[in-house]
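The structure under discussion appears below in the form of structure tokens.
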Amino acid sequence: MSVVKINVLTVNPEMREEIEKRFAGRAGLVESAEGFEGFELLRPVEGQDRYLVYTKWRSEEDFQRWTQSQSFQRGHAEAAKDREAGHGHGHGHGHGHGGPAAAGSELWGFEVVQSAGPKQG
Ligand code: HEM
């Protein structure tokens, strides 16, 4: 059964462009992961302030394996660097160079119980 993992990122308005740029530069890192089925970066447009990082995986195990992989850890190294340096606990403060661009994050997990797509033909 596929699972959906959504990382919910709080992004200050002045950091939107920066965070989108960072994602654009790293999207390729997830594509070759085993069991990876899809990724979307969802920009809030109806007054919400949080981006959704939507990812879909063949199984929970595939997702877990990816988060423990070098590829994931390399892709998130900039944010992690800041934490190691002791600038808070995963809550950035919105500066542009290095360090986290997000002001906070929350992981939501789901099992896909029903789905549909457009009719073929
Ligand atoms: C659902 C799985 C994911 C989890 C649990 C996750 C985890 C995180 C966390 C906790 C942050 C916030 C770091 C911070 O600024 O404090 C973050 C930011 C980020 N993530 Fe992910 N992520 C996921 C998926 C992805 C994917 C698929 C990509 C690439 C396509 C990606 C690329 C990034 C980038 C570029 C940032 C901005 C980092 C920065 O502030 O420099 N993430 N992620």
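Compactness of the stretch 30-69, taken as the C-alpha radius of gyration over 2.2 N^0.38 Å, stands at 1.38. At full extension, residue 14 and residue 27 could sit 2.5 nm farther apart than now, given 0.36 nm per residue minus the alpha carbon distance. Backbone geometry of the stretch 54-68 corresponds, through the Karplus equation with coefficients 6.51, -1.76 and 1.60 at θ = phi - 60°, to 3J(HN,Hα) couplings of 8, 10, 10, 10, 4, 7, 4, 4, 4, 4, 4, 4, 5, 5, 9 Hz, x marking Gly and Pro. Distances between placed amide hydrogens fall under 5 Å for residue 37 paired with 56, 57, 58, all partners being 5 or more residues away or on another chain. With N counted as the residues of the stretch 1-66, its alpha-carbon radius of gyration over 2.2 N^0.38 Å works out to 1.20.
Annotation: the residues 74, 65, sorted from fewest to most other C-beta atoms within 10 Å of their own C-beta, follow the order 74, 65. Rounded to the nearest 0.05, the FRET efficiency derived from the C-beta distance between residue 119 and residue 40 at R0 = 25 Å is 0.70.
Bear in mind these aren't lab numbers, they're just calculated from the coordinates by the rules spelled out. Remember, it's a predicted structure, so these values are computed and weren't measured experimentally. Note that each Cβ is placed from the backbone with ideal geometry, even for glycine, and that neighbours are counted across all protein chains shown.
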